[in-house]
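Colleague: Sharing a structure here in structure tokens format.
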Amino acid sequence: MILDVNQKQVEPDITLLEFRGRIALGRESQRVETLVTDLIAKNQKKLVFDLSGVDYIDSAGIGILTFCFGSMKEAGGALRIANPTERVKKLLHFTHVDTFLVIFPTVEEACQGFDASPGA
């Protein structure tokens, strides 16, 4: 299955990207980087990736998450990960990406307190 990304707004100013499929090497996954760059250009600084529909992620996918995190941080924003599948969660831990990406069990929890937490 190719990657499908659905964009939603969570009031007041949070962008939610819902992922379905595989985050892996290829054009479909690379467009995530372009989407995040476009959001930053539109001054969208609070971003949540809902990974509940991701069944596979490879090293290129890890690179995409890392790029998006770095881009948001450099722009003064924040990226949070919500609801990763157990398989994805284990890979994020194994690769130590969970040491800098903030991971939440639900989208609702990821959207709460963006302004209150350091590095939000």
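The values are calculated or read from the model by the stated rules, or taken from the named source; none is laboratory data. Computed from a predicted structure; not experimentally measured. Cβ coordinates were reconstructed from backbone atoms using ideal geometry, including for glycine residues, and neighbour counts include every protein chain displayed.
Colleague: Which members of the stretch 22-34 meet the condition of being crowded, with 16+ Cβ neighbours inside 10 Å and either touching an Asp or Glu at 6+ places or on another chain (Cβ under 6 Å) or under 13 Å from Gln7 (Cβ atoms) (or both)?
Modeller: Within the stretch 22-34, Ala24, Val32 meet the criteria.
Colleague: Going by what's in this entry, would Ile62 be described as modelled with pLDDT of 95 or more, buried (at least 16 other Cβ atoms within 10 Å of the Cβ) and more than 25 Å from Glu11 (Cα to Cα)?
Modeller: Yes: the conditions hold for Ile62.
Colleague: Keeping to the stretch 79-116, report how many residues are among the hydroxyl-bearing types (Ser, Thr, Tyr) and more than 21 Å from Ser59 (Cβ to Cβ).
Modeller: 1
Colleague: Quick one: would you say Phe100 is of a type in the set (Phe, Trp, Tyr) and touching an Asp or Glu at 6+ places or on another chain (Cβ under 6 Å)?
Modeller: no
Colleague: Among the residues of the stretch 105-116, is there at least one that is of a type in the set (A, V, I, L, M), more than 27 Å from Ala41 (Cα to Cα) and either touching a Leu at 6+ places or on another chain (Cβ under 6 Å) or crowded, with 19+ Cβ neighbours inside 10 Å (or both)?
Modeller: Scanning the stretch 105-116 turns up no residue that is of a type in the set (A, V, I, L, M), more than 27 Å from Ala41 (Cα to Cα) and either touching a Leu at 6+ places or on another chain (Cβ under 6 Å) or crowded, with 19+ Cβ neighbours inside 10 Å (or both).
Colleague: Tell me which strands (runs of 3 or more DSSP E) are completely within the stretch 1-96 and hold 2 or more residues being of a type in the set (S, T, N, Q), or say none if there are none.
Modeller: In the stretch 1-96, 4-10 are the strands (runs of 3 or more DSSP E) which contain 2 or more residues that are of a type in the set (S, T, N, Q).
Colleague: Right, next: Does Phe104 satisfy being within 17 Å of Ile23 (Cβ to Cβ) and aromatic (Phe, Trp, Tyr)?
Modeller: It is false that Phe104 is within 17 Å of Ile23 (Cβ to Cβ) and aromatic (Phe, Trp, Tyr).
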